[in-house]
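A short write-up of the structure that comes next.
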Amino acid sequence: MTSQEIRQKFLDYFKSKGHLIVPSAPIVLKDDPTLMFSNSGMTQFKDFFLGYKTPTAPRIADTQKCLRVSGKHNDLDDVGRDTYHHTMFEMLGNWSFGDYFKKDAIAFAWELLTEVYGIPKENLYVTIFEGDASENLDRDQNAYDFWKSHISEDRIINGNKKDNFWEMGASGPCGPCSEIHVDLRTPEEKAKVSGLELVNNDHPQVVEVWNLVFMEFNRKADGSLEKLPAQHVDTGMGFERLCMALQGKSSNYDTDVFTPLIAKVEEISDKKYTGILEDEKDIAIRVVVDHIRAVSFAIADGQLPSNGGAGYVIRRILRRGISYSYRFLDIKEPFLYKLVAVLQEQMGSVFPELEKQGKLVTEVIKSEEESFLRTIERGLIRLDSIIKETQEKGEKTLAGDKIFELYDTYGFPADLSRIIAEEKQLTIDEEGFEKQMEIRVEDSRKDSAQKVYDWVNLEEREENFVGYDQIEAETYITRYRKVENKDGEFYQVVLSNSPFYPEGGGQVGDKGILENNTESFEVLETKKENGLIISLINKLPENVSASFTAKVDVTDRKNSQANHSVTHLLHEALRDVLGTHVEQKGSYVGPEYLRFDFSHFNKMTEEELALVEEKVNAKIKESIALQEFRNIPIQEAIDKGAMALFGEKYGDSVRMIQFGSSKELCGGTHVKNTSEIGHFKLTSESSAAAGIRRIEAISGDKSEEYFKGLEKQITELSQLLKSKDVVRSIEKLIEENAALKAEVEAFKKEKAKGEIGDWKGAYEQKGDKLILVKRTSLDAGSVKDIVFQLKKEIPTSITIILSDADGKPMITVGVSDDLAGIYQAGALIKDLAKEIQGGGGGNPGFATAGGKNLDGLENAYQKALNI
């Protein structure tokens, strides 16, 4: 059977058993604070298990895209080094929400595996939960008894809590599970060692193929277990492992899930894949074909590589693939992007987002490859310098902190440093490297540390969002919990009637007031978590059971919804002007401004920008009334012409927002009429990533303020210039100033002959952007202002200014925010300051150092060129 047939047989079987077949949810999660990615098939059904939402059907089945590269379930380090772990994988699953339980789940699994797929019964083993005294959990006797009717008792194995009590994270739904393992060894191998001894012992031919989870509990924040309101079934079968078993292969990578990708890598690298487990070349090929799947699906679902959060994870996976191919396949130029077309051909019919977003995925991966390969080249220069310094001292060990700096500041792979060091008959101070790594991890943990207590439930009341129709509501607190983080102690509350819009769909959450006759609390933010609308206050009311009035900050809401409505008009205008390939790829909608990211591969021209602005304002002037369709079937909305965005998770019922011909699925708040927007002003257009452009704009009150400010400036200029023809007067001043400036420059050149010029180096927009400046008389305040201005104006930049302030050498380093995870200003300044016999410091984005040796500025300049 081909992999396509195997997948379809699974879906057909469960459809015949009364299951609703649903599409895979996006691999990237946008509304779950506990997870960045779908790490199991049940992730999209989490709200059903917790009782926050009603299941669309009591029985459901699907194939779900999953990613396990962070948190509790992290398989990244195993990928490539064995034959059955993957970053991205498909999980075939069937679910029961309060319908059938252990007996039927076990019967379905056994019938499908042995009768439909034809796996010999003597090749299967099952495990059950043996119980755990520390949790007061008994052995799963029911599962044992049900299995006895299908398989001999000597093939039923007790499993511990680690293997047979499934939990998706530190908290959430969980329960005992039964794993089904398949023994793929030859008869000769089976005669030597019993499969019983190899189950759950990482044997490549005795592998878990299906896990049947019996959801009975909810793990609370304090670690305790409570019974769920109903019993559920959650099963997950690894598609790639199933294909290995059914196609008679000894490795997942030998199945037709991976062989087309491997063939393409062989063609590009001119290296043959042999399947040897320890061969570095083969490991590299396995890493590449695995990682391209994870990265491609994540980008197709809207997650671009970046320096933080989920984007950093995707960038790390991609760079791991590039690093392996650079080292072991000897490929020194971008090539992973060429594999996207192969992946599209393989899986595009099942996952249409690969087809729809193929060009974007290809361009983003190619751009990331080009950038990281430049990083590797720069890192090699720096590593060569470290090796030279070490050898000059007569030492054989490279300092661990230097290698960590290379890894942390420059993004240079540490294992690549080790390989090059070994080639030079050198070693690395591993203890020093690990110490620096631990410090960084601990600092990061402290920055993000947050303790969240369990919910305290008050009187049971319905919890409703009324914010579409009301900005003020009488309400009660239905539940609350304490939250502690680096900023202090806060309380999250859920209201029976909440007018506060929770952050989502790009729109910021509402702020406001919660008050009654005796108390008043500022609502600092509003978010949504597992279906609950949660508002943050800085202290708990004395009487939490009292009634309150919830009031939204009207000014902020008005401006936010104007900006949100205008993004819909902007989206339509961009598609009209640039083409229907334009799709929203992200947005920020706040009271101050809006940001809109969209797919497009060229910088917009001034004419295009002007036309887009003109079209949006024309729609505003038309005074188009809002048409809102709440809780309509998603297919009905699509049939009406609503635009659904790839990477967004939509339910069976949706909300459609229509302003004339603009129709989008959206949960945000909006103006009742486009005339309320006032005016739209585009303020900038730039690149957000490869194939992604970014527009920033203002509307409403902020647009009005903008034009009032311009009017004021023109009036003041007119008075200052004593002329109504401001433009001509300024042109005249510019001409006079240019003449004077030329005279001054000539004078300075004559006077400063023999001195170093004002600025050395040049800014070029080529990947990581470097600004290197040297000036003889620049005070610290001016330097700081310049650095911050350059950081603001030039993304992906490192700014280095070397100056002689009153005869004292000074070095200043600024790192733009988007490079903060790759370069550290403090680390750079530490190295450069040695040349001027000085020291200093700062934070990752800005650092300064003064010194004693003025002559050392030239050495510092030369060293900076190699960064």
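The values are calculated or read from the model by the stated rules, or taken from the named source; none is laboratory data. Bear in mind the structure is a predicted one, so any value in this text is a computation, not a measurement. Glycine gets a Cβ as well: all are built from the backbone with ideal geometry, and neighbour counts include every protein chain shown.
Take the conditions (1) at pLDDT 80 or above; (2) buried (at least 23 other Cβ atoms within 10 Å of the Cβ); (3) in contact with a helix residue (DSSP H, G or I) (Cβ under 9 Å, 6 or more places away or on another chain); (4) within 24 Å of GLU648 (Cα to Cα); VAL79 misses just one of them, which is (4). Please count how many residues of region 603-632 are in contact (Cβ under 8 Å) with a residue 40 or more places away in the chain and of a type in the set (S, T, N, Q). Going through region 603-632 one residue at a time, the tally reaches 2. For region 415-460, the candidate set comprises residues that are surrounded by 15 or more Cβ atoms within 10 Å (Cβ to Cβ) and touching a Phe, Trp or Tyr at 6+ places or on another chain (Cβ under 6 Å); within that set, the residue that is farthest from ILE403 (Cα to Cα) is GLN436.
Within the bounds of region 150-172, is there any residue that is part of a helix (DSSP H, G or I) and touching a Ser or Thr at 6+ places or on another chain (Cβ under 7 Å)? Within region 150-172 (the criterion being part of a helix (DSSP H, G or I) and touching a Ser or Thr at 6+ places or on another chain (Cβ under 7 Å)), the answer is yes, since at least one residue qualifies. Please state which of the following conditions LYS366 fails to meet, knowing it meets all the rest: (1) over 20 Å from the mean Cα position of the chain (by Cα); (2) outside any loop (DSSP other than H, G, I, E, B); (3) within 25 Å of LYS272 (Cα to Cα); (4) among the charged types (D, E, K, R). Exception for LYS366: condition (1). Give region 109-135 a look and list any residue that's over 18 Å from MET215 (Cβ atoms) and either among the aliphatic types (A, V, I, L, M) or not in a helix (DSSP H, G or I) (or both), or say none. Matches in region 109-135: LEU112, LEU113, VAL116, TYR117, GLY118, ILE119, PRO120, LEU124, TYR125, VAL126, GLU130, ALA133. Screening THR409, THR375, THR397 for residues that are surrounded by 13 or more Cβ atoms within 10 Å (Cβ to Cβ), modelled with pLDDT under 85 and polar (S, T, N, Q) leaves exactly one candidate, THR409.
Under the condition of being surrounded by fewer than 21 Cβ atoms within 10 Å (Cβ to Cβ) and of a type in the set (Gly, Ala, Ser), which residue from region 98-150 is nearest to the chain's Cα centre (by Cα)? Going through the qualifying residues, I end up with GLY98.
With respect to MET91, determine if the residue is crowded, with 20+ Cβ neighbours inside 10 Å, outside the structural domain of GLY309 (by TED's automatic domain parsing) and either modelled with pLDDT of 90 or more or under 30 Å from ILE276 (Cβ atoms) (or both). The answer is yes for MET91. For first residues located in region 633-661 and within 29 Å of ASN617 (Cβ to Cβ), partners that are among the aromatic types (Phe, Trp, Tyr) and lie 6+ apart or on another chain with Cβ distances below 6 Å form the pairs MET656/PHE629. Within region 226-237, is even one residue in contact (Cβ under 8 Å) with a residue 12 or more places away in the chain, within 21 Å of ARG81 (Cα to Cα) and not in a helix (DSSP H, G or I)? Within region 226-237 (the criterion being in contact (Cβ under 8 Å) with a residue 12 or more places away in the chain, within 21 Å of ARG81 (Cα to Cα) and not in a helix (DSSP H, G or I)), the answer is no, since none of the residues qualifies.
Tallying residues that are surrounded by fewer than 21 Cβ atoms within 10 Å (Cβ to Cβ), assigned to a loop (DSSP other than H, G, I, E, B) and of a type outside the set (Asp, Glu) within region 475-504 yields 1.
Quick grid of which residues meet (1) closer than 30 Å to CYS666 by Cα; (2) assigned by TED's automatic domain parsing to the domain that holds ARG320; (3) among the hydrophobic types (A, V, I, L, M, F, W, C):
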| position | (1), (2), (3) |
| --- | --- |
| PHE404 | no, no, yes |
| GLY411 | no, no, no |
| ASP415 | no, no, no |
| GLU422 | no, no, no |
| ILE428 | no, no, yes |
| PHE465 | yes, no, yes |
| LYS486 | no, no, no |
| VAL508 | yes, no, yes |
| SER520 | no, no, no |
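How many residues does region 663-688 contain that are under 15 Å from SER699 (Cβ atoms), in contact (Cβ under 8 Å) with a residue 60 or more places away in the chain and among the polar types (S, T, N, Q)? Counting residues in region 663-688 that are under 15 Å from SER699 (Cβ atoms), in contact (Cβ under 8 Å) with a residue 60 or more places away in the chain and among the polar types (S, T, N, Q) gives 3. Against the condition farther than 30 Å from GLY308 by Cα, modelled with pLDDT of 85 or more and either of a type in the set (Lys, Arg) or assigned to a loop (DSSP other than H, G, I, E, B) (or both), how does LYS830 come out, does it pass? In short, no.
Residue count for region 841-852, restricted to those that are surrounded by fewer than 21 Cβ atoms within 10 Å (Cβ to Cβ) and either within 17 Å of GLU405 (Cα to Cα) or in contact with an Asp or Glu (Cβ under 7 Å, 6 or more places away or on another chain) (or both): 6.
Determine if region 272-293 includes at least one residue that is modelled with pLDDT of 95 or more, touching a strand residue (DSSP E or B) at 6+ places or on another chain (Cβ under 7 Å) and under 21 Å from ARG7 (Cα atoms). Yes - at least one qualifying residue is present in region 272-293.
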